[in-house]
1. Scan the range 94-115 for residues that are assigned to a strand (DSSP E or B) and of a type in the set (S, T, N, Q) and jot them down.
2. Could you check how many residues of the range 338-388 are closer than 30 Å to GLN515 by Cβ and either β-branched (Val, Ile, Thr) or touching a Phe, Trp or Tyr at 6+ places or on another chain (Cβ under 7 Å) (or both)?
3. From the list GLY253, GLY225, which one is of a type outside the set (Asp, Glu), touching a residue at least 24 places away in the same chain (Cβ under 8 Å) and touching a strand residue (DSSP E or B) at 6+ places or on another chain (Cβ under 7 Å)?
4. Would you check which residues across the range 332-384 are in contact with a helix residue (DSSP H, G or I) (Cβ under 8 Å, 6 or more places away or on another chain), among the β-branched types (Val, Ile, Thr), over 30 Å from ALA417 (Cα atoms) and in a helix (DSSP H, G or I) and list them?
5. Looking only at the range 509-522, count how many residues are surrounded by 15 or more Cβ atoms within 10 Å (Cβ to Cβ) and under 17 Å from HIS326 (Cβ atoms).
6. Given the criteria surrounded by fewer than 16 Cβ atoms within 10 Å (Cβ to Cβ), of a type outside the set (Lys, Arg) and assigned by TED's automatic domain parsing to the domain that holds LEU132, does ASP244 qualify?
7. So, of the residues in the range 65-84 that are in a loop (DSSP other than H, G, I, E, B) and at pLDDT 85 or above, which turns out to be nearest to LEU258 (Cα to Cα)?
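The values are calculated or read from the model by the stated rules, or taken from the named source; none is laboratory data. The shown structure was predicted, so the numbers you read here are calculated from the model rather than taken from an experiment. Glycine also receives a Cβ, built like all others from the backbone with ideal geometry; neighbour counts cover every protein chain displayed.
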Amino acid sequence: MSDIGRLQVAIESVADMASGPRPDVARRAEALAERVGSGRFHVALAGDFKRGKSTVLNALVGEDLLPSGVVPVTAIGTEVRFGRGPIVVVGTDGTERPLGAGETLADYVTEAGNPGNIRNVRRVVVQRPAPLLASGLVLVDTPGLGSVHGHNDDEARRQLDHADGAIVVLSADSPLSERERAVVATVAARQARLFIVLNKVDHLTAGERDEVMGFVRQALGPVIGREPKIWCVSARAALWAKRDGRPPSPEAGDFVDLEGALAHFVDEELAAARLQSARVGLTALLGQLDDERAVEAAAADLDDERLASAVADLRAAVAGVRQAVHDDRILLRREVDELAEQVAADFQRAAVEVTGRWSEHAEQVEQVVDTTARRRVMAALDATVEQLVASSFEPVRQRELALVADRWQQLTAGARARAESRLNALRATAASLFDVSLAPVELPELAAGRHGFSYQFTYVEGSASFAVDIARMVLPARWLRRRLLRRARARFADEIDKHAGRARADLADRLQQAQARFESNLAEHLSDAIDAIVGAAERGETLRRETAADRERRQRADDEIRRLLGSALAFG
């Protein structure tokens, strides 16, 4: 049996042993065993849109599995794992169902088949018997960052935040964006496994390739703290070779080396990564058990009067902490409201500024009017205004998205720090009341990261009926030209204003949702930590009435749980 297998068995033994005397420890051990036993390690393919992420993944599994194209395609995260089962669609409500008859993967994971995620899909799971996946590696295709579909950024960052590692796919024809640099920085900061792939190198000469490589190394070296390893590949050439049953040729660049690096990672590093993750959970379980035992024993040694007084004082301290946490929640909500008001003002001001720069687009619009046949001019103008609204509004959206994400991180970090401080103050009070040693603890990271704040671009509404009227009219060209230009300008201003309003409402709504999730998670962790200490103190009265035989049996059970935890920790 592998170390992972032995570790899972050891943790399951802890859960079984603790199910009677320590139900809270048993519950957490069961969750940890399930996580370890999943045997999977998720690596997300990330980067800007049209970098070839789906093609890279297809080449790694050796078949045309995921849809790709010349426009932004991927809209929903797709997990590709080892197996031969059906394609499974997981809904936003957690329900799962296999792909139906006549349905295709593209119906659920592409922007064309599932625009704006109208099908309410959380992810799609695909199983393939690819050798690279046999040891538990799960490759996750993510939407491209920076496309006109702003909600794709949200989905991509959600998938990346839940991944254990990342393959950041850059493109030789546009080597590195600030968004991709930020992705690399995020993965590096988490100390997650990172692979940097430069795709489409078959478009470059040898000299151009060296120049691009130097640029990427110079840009990313300071971000990750060392000169990055970069695999230069042509995923398309590698895929073509594999479809023909051939190994990738030199035209595919470093693709074979990339496969080798991933295989080495799976064989040599994957188990170590799982073990380290389990070690963190086991250490927390061991700390919880030791704390509970210390408080219980100290409480049991007090006489009735002192114990009652200590428990009463502890309950009073808990009430004070809960009130302070309630006040902190009110403070966070006020800070979030202020942030929403700031965003609203920013969008209103930006809409005025963007509309006032219409003159920058006038020449382009005039050219469309002057060079397009009358029967097609309205459709051409609609398309032009749509493109201008998108390109003019996107910098505003990106700026506000970054502002909200950064400020949200600051707010939640502050709230988490306040909660952690109050919890540790309560632990210090308990330590003083019962004369035990309780070390400070750290609350887990609870913020939603930089994802969760995005805006779905809604296309400019069409004007087919007006176009028909224009086409039927016989009007002086000069008069018609002025009318069309005025109408284009008015529609541009109107659409900018609409999108600013939609984005403002969208961000405000997402802030409220993120706040609710954060508060719920924080309250759950605090309640568990507080209840463990208070419960241990209150059990002291029961333990004082135990017979010597009962106390000995309980201590033996705790010693066995602790021994099993120590054994499991040795595997980790």
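1. Listed by number, the list holds a single entry, THR110.
2. Step one: filter the range 338-388 for residues closer than 30 Å to GLN515 by Cβ, giving 338-354.
Next, from what is left, pick out any that are either β-branched (Val, Ile, Thr) or touching a Phe, Trp or Tyr at 6+ places or on another chain (Cβ under 7 Å) (or both): 343, 352, 354.
Final tally of qualifying residues: 3.
3. GLY253
4. Answer for the range 332-384, where residues must be in contact with a helix residue (DSSP H, G or I) (Cβ under 8 Å, 6 or more places away or on another chain), among the β-branched types (Val, Ile, Thr), over 30 Å from ALA417 (Cα atoms) and in a helix (DSSP H, G or I): VAL354, THR355, VAL365, VAL368, VAL369, VAL377, THR384.
5. Count: 5.
6. Against the criterion (surrounded by fewer than 16 Cβ atoms within 10 Å (Cβ to Cβ), of a type outside the set (Lys, Arg) and assigned by TED's automatic domain parsing to the domain that holds LEU132), ASP244 qualifies.
7. The selected residue is GLY83.
So that you can scan it fast, the table gives a plain yes or no per residue for (1) touching a Cys at 6+ places or on another chain (Cβ under 8 Å); (2) assigned to a helix (DSSP H, G or I); (3) on the phi < 0 side of the Ramachandran plot; (4) at pLDDT 90 or above:
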residue	(1), (2), (3), (4)
GLY245	no, no, no, no
GLU268	no, yes, yes, no
ALA273	no, yes, yes, no
ARG279	no, yes, yes, no
THR283	no, yes, yes, no
GLY287	no, yes, yes, no
LEU307	no, yes, yes, yes
ALA310	no, yes, yes, yes
VAL325	no, yes, yes, yes
